[in-house]
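Note sheet for the following structure.
The values are calculated or read from the model by the stated rules, or taken from the named source; none is laboratory data. The model shown is predicted, which means the values in this text are computed figures rather than measured ones. As a convention, Cβ positions derive from the backbone with ideal geometry for all residues, glycine included, and neighbour counts pool all protein chains shown.
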Amino acid sequence: MTPTEQELIRRQRARKRARLRRLKRRRAILISIMALVLVLLVWGIVSVVRFIFFREPVDPAAVVTPDWIDVQLLDENPYSRPGTPLERINDIVVHYTANPGTTAQQNRNYFNSLAQQNGESATSVSSHFIIGLDGEIIQCIPLSEISYASNDRNFDTVSIECCHPEADGKFTDATYQSLIRLCAWLENELKLKEGSIIRHYDVTGKLCPLYFVEHESKWNQFKEDVKDYRKQQD
C-alpha cells in the first residue's frame, strides 16, 4: 500500500470519527433539549395542579378593608361575636335579613344588642357584612373571626346580610350593585376560586336569600354580574 493510499484511509477514518463526534454532540444536545422540555412541562402541570387544588390560603387577618366599607365591629360576646378564629375562607355566603324595610345600621345594632342576653332562650346570629337599602356597607366582624350566619359552614365562610324593602326579599338596585362590588372584592382579596359565592339556601336549604331562591335565573345572573365586574377591574 502506497503512502498515498494510507493517507486516504487515514483521512477517511478521521472524517468518520469527526462525523461520529458530531452525531454524538447533536444527540446530546437533542437529549438535553428534550429533558428541558420535559422538566418545563412537568413543572407547568404541577404548577397548574397546585394553583387549582392546593393554593396557599390567604390569611383573612391580612386583608385590608377599603374605605368604602364602614367598619363598626360588634362588641365581643358569646351570641354575635364570639371571637373564634376564622383561619381560612373558602366561600362567600349571601343572606337576606328577612326583616323588610330595616336598615343596615338597625341590623348591625340588633346584632350588637345580643350581648345583653342573659342566656335564657338566647339567640346567636350575626354576619360579617350588612348591605343597606341605599347600598351602604357595614362590617360587623373581622374577616379573621367567624360569624353566626351559615350554620355548619361558619368555620370557613364569610357572610353578607342584605337589606330589602319588601317581603319578597328583592334587593334595591343600590343594594344589588354593592353586593356585586363586595363579592368581587372578597373574591380577589381572598383569591377564591370560581363558584365561591353561594346562598344560605345552598348550605342548609333555608329559603335565604328568598328572592334568589325563588328566582334561580336572577341568582345565576348575579354571579355572572360579579364575573363581569371583576373583568372590568382587571
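Annotations
- Selection of first residues in region 59-85 that are closer than 28 Å to ASP134 by Cα and of second residues that are of a type in the set (Asp, Glu), restricted to Cβ pairs under 6 Å at least 6 apart or on distinct chains, gives the following pairs, ordered by first then second residue: VAL63/GLU189.
- So PHE155, is it more than 20 Å from GLY101 (Cα to Cα) and surrounded by fewer than 18 Cβ atoms within 10 Å (Cβ to Cβ): yes
- Taking the criterion of being touching a Leu at 6+ places or on another chain (Cβ under 9 Å) and either of a type in the set (S, T, N, Q) or at negative phi (or both), the residues of region 89-112 that qualify are ILE89, ASN90, ASP91, ILE92, VAL94, TYR96, THR102, THR103, ALA104, ARG108, PHE111, ASN112.
Yes or no, residue by residue, for (1) farther than 19 Å from GLU187 by Cα; (2) among the charged types (D, E, K, R); (3) at pLDDT below 95:
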position: ASP67; (1), (2), (3): no, yes, no
position: TYR96; (1), (2), (3): yes, no, no
position: GLN117; (1), (2), (3): yes, no, yes
position: SER127; (1), (2), (3): no, no, no
position: GLY132; (1), (2), (3): yes, no, no
position: ILE138; (1), (2), (3): no, no, no
position: PRO142; (1), (2), (3): no, no, no
position: GLU145; (1), (2), (3): no, yes, no
position: TYR148; (1), (2), (3): yes, no, no
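- Tallying residues that are touching a strand residue (DSSP E or B) at 6+ places or on another chain (Cβ under 8 Å) and part of a loop (DSSP other than H, G, I, E, B) within region 63-85 yields 10.
Residue-wise test of (1) of a type in the set (Gly, Ala, Ser); (2) in contact (Cβ under 8 Å) with a residue 12 or more places away in the chain; (3) within 19 Å of THR103 (Cα to Cα).
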site: ASN118; (1), (2), (3): no, no, no
site: ALA122; (1), (2), (3): yes, yes, no
site: ILE138; (1), (2), (3): no, yes, yes
site: ASN151; (1), (2), (3): no, yes, no
site: ASP168; (1), (2), (3): no, yes, yes
site: ALA184; (1), (2), (3): yes, yes, no
site: SER196; (1), (2), (3): yes, yes, no
